[in-house]
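Notes to accompany the following structure.
The values are calculated or read from the model by the stated rules, or taken from the named source; none is laboratory data. Quick caveat: nothing in here was measured; it's all calculated off a predicted structure. Neighbour counts are summed over all protein chains in view; Cβ atoms, including those assigned to glycine, are modelled from backbone coordinates with ideal geometry.
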Amino acid sequence: MSLEVAIEKKVPGFSLAVKFTADGAPVGLLGSSGSGKTMTLRAIAGLETPDRGRIVLHGRVLYDSDQGIDLPARERRIGLLFQNYALFPHLTVAENIAFGLQRLPAQDRNDRVAKQLAAAHLDGLANRYPATLSGGEQQRVALARALAIEPAALLLDEPFSALDTHLRGALERQLRETLGSYQGSTIFVSHNLEEAYRVCEELVVLTAGAVAARGPKEEIFRYPPSLEVARLTGCKNFSRARRDPSGRVEALDWGCALRVTQRFSNQPGHIAIRAHHIRVRPPGPASAKAMTGTPASAKAMTGTPASAKAMTGMPTSAKAMTGMPTSADAMAGMSTTEGRDNVFPCWLVAMTETPFRVTLDLRIGPPSAEGTAGMPATAIATEGTPASATTFHVQAEVYKQEWEAFCDLPQPWQVELPPDRLFLFPG
């Protein structure tokens, strides 16, 4: 069971040329706005005619420019779920679901509608009109309508974009459950990287109307093939790069030389790392002992009882919170640069909080002449970053528990850029 797509289309100011296959498991279609995602879906569904190419669904040719085949949308057996749901306002929920079933006998039509009402948890809403439904209910009606025709392929164009966070989570779980038993091909378009990662097994990444990457999601996120794909899959830290005589890679914009495990035959042009792969640590062995609850006085280092309380109140199993060894001696060894690659002093420039994570803007190396070097992290959070110190090198993401464990410790802290988490790109 597969969907094969190889099409080209030109419109003023844009050219689409994509080729990929969806074999069974849901395929995520990623790309920035204007990359060709929706045009691709519309061409597969028969709502847009390519200039040339071929589309084959489960062995049935839907479009072939050489053979002159172009099946109309109603004959393609494709379910398409739009961003705005596109429900018919003058039809009830049941009538919307039954819209594509007019050729079936009445009893078969009613049976399919009843099946979809139950599967989408819409019992009791059959006679309601779209205007009386919540956004989540409308989305479920639209999905039920798409599935009622028992499509050979299901195309989902950002189906959760109009929903709030709670509804997105609930309906995503329902969609994953539905797709778990669905036998057709699924193409899922989303701007939400985590959402696409949870729903899909394979990814196709589009840039400027062309396929920039395709394959298993783990491979594309772990080894993005280009700088653009790295950006589209959520990487935020980039630097110009060149290889130095010792075999290390100089990150020219970060001001440091790095060991990188990725093999690269040519001269690299850029280096990158994801924010959540960067590790931030306190400045030295004494603070590491304080973090594990050893007698070293956190108060002596920070001058504030609150920070001592925050440090010594941590569970002795700090590994569960920070990924660091539970042994104080082992932690002390980790917090020094001796014997470790890619560990550098760093200074906090700014921070941004979410309910569970903190994003840290960090400057690597010596402090700036003016700015935040003498300010505690809590002051930076409350007073803001001085204009003269707004330049930073990398962004790191840490969990709140980790942040609270070292935020009051004196700077410089230490930042580690793990060699096996660095990407190299040409050009």
Sort through Asp164, Asp157, Asp253 and tell me the only one that's acidic (Asp, Glu) and touching a helix residue (DSSP H, G or I) at 6+ places or on another chain (Cβ under 6 Å). Asp157
Which of the residues that make up the stretch 48-64 are surrounded by fewer than 16 Cβ atoms within 10 Å (Cβ to Cβ) and in contact (Cβ under 8 Å) with a residue 12 or more places away in the chain? Thr49, Asp51, Arg52, His58, Arg60
Output for the stretch 143-161, where each listed residue is part of a helix (DSSP H, G or I) and not aliphatic (A, V, I, L, M): Arg145
Glu228 vs. criteria in contact with a Ser or Thr (Cβ under 7 Å, 6 or more places away or on another chain), surrounded by 15 or more Cβ atoms within 10 Å (Cβ to Cβ) and of a type in the set (Asp, Glu): yes
Checking the conditions here, which among Ala144, Ala152 is touching a strand residue (DSSP E or B) at 6+ places or on another chain (Cβ under 8 Å) and closer than 29 Å to Pro72 by Cβ? Ala152
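Yes/no per residue for (1) outside any strand (DSSP E or B); (2) modelled with pLDDT of 85 or more; (3) more than 30 Å from Gly269 (Cα to Cα); (4) of a type in the set (Phe, Trp, Tyr):
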{"residue": "Pro345", "(1), (2), (3), (4)": "no, yes, no, no"}
{"residue": "Leu348", "(1), (2), (3), (4)": "no, yes, no, no"}
{"residue": "Pro355", "(1), (2), (3), (4)": "yes, yes, yes, no"}
{"residue": "Pro366", "(1), (2), (3), (4)": "yes, no, no, no"}
{"residue": "Thr385", "(1), (2), (3), (4)": "yes, no, yes, no"}
{"residue": "Ala396", "(1), (2), (3), (4)": "no, yes, no, no"}
{"residue": "Glu402", "(1), (2), (3), (4)": "yes, yes, yes, no"}
{"residue": "Ala405", "(1), (2), (3), (4)": "yes, yes, yes, no"}
{"residue": "Leu424", "(1), (2), (3), (4)": "no, yes, no, no"}
Counted residues, the stretch 66-85 - those being touching a strand residue (DSSP E or B) at 6+ places or on another chain (Cβ under 8 Å) and either at negative phi or assigned to a strand (DSSP E or B) (or both): 12
For the stretch 40-92, which residues satisfy the criterion of being of a type in the set (S, T, N, Q) and modelled with pLDDT of 95 or more? Thr40, Thr49, Ser65, Gln67, Thr92
Hey, among Leu71, Leu30, which residue is touching a helix residue (DSSP H, G or I) at 6+ places or on another chain (Cβ under 9 Å), of a type in the set (A, V, I, L, M), surrounded by 15 or more Cβ atoms within 10 Å (Cβ to Cβ) and in contact (Cβ under 8 Å) with a residue 12 or more places away in the chain? Leu30
Please work out if Leu171 is surrounded by 15 or more Cβ atoms within 10 Å (Cβ to Cβ) and within 30 Å of Ala120 (Cα to Cα). yes
Can you confirm whether the stretch 235-250 contains a residue that is surrounded by 18 or more Cβ atoms within 10 Å (Cβ to Cβ) and assigned to a loop (DSSP other than H, G, I, E, B)? yes
Restricting attention to the stretch 127-137, does a residue exist that is touching a residue at least 12 places away in the same chain (Cβ under 8 Å), farther than 19 Å from Thr178 by Cβ, not basic (Lys, Arg) and not in a loop (DSSP other than H, G, I, E, B)? yes
Inspect the stretch 2-10 for any residue being more than 16 Å from Thr186 (Cα to Cα), modelled with pLDDT under 95 and surrounded by fewer than 21 Cβ atoms within 10 Å (Cβ to Cβ) and give the result as yes or no. no
Within the stretch 183-216, track down each residue that is in contact (Cβ under 8 Å) with a residue 40 or more places away in the chain, part of a strand (DSSP E or B) and of a type outside the set (A, V, I, L, M, F, W, C). Ser185, Thr186, Glu202, Thr207, Arg214
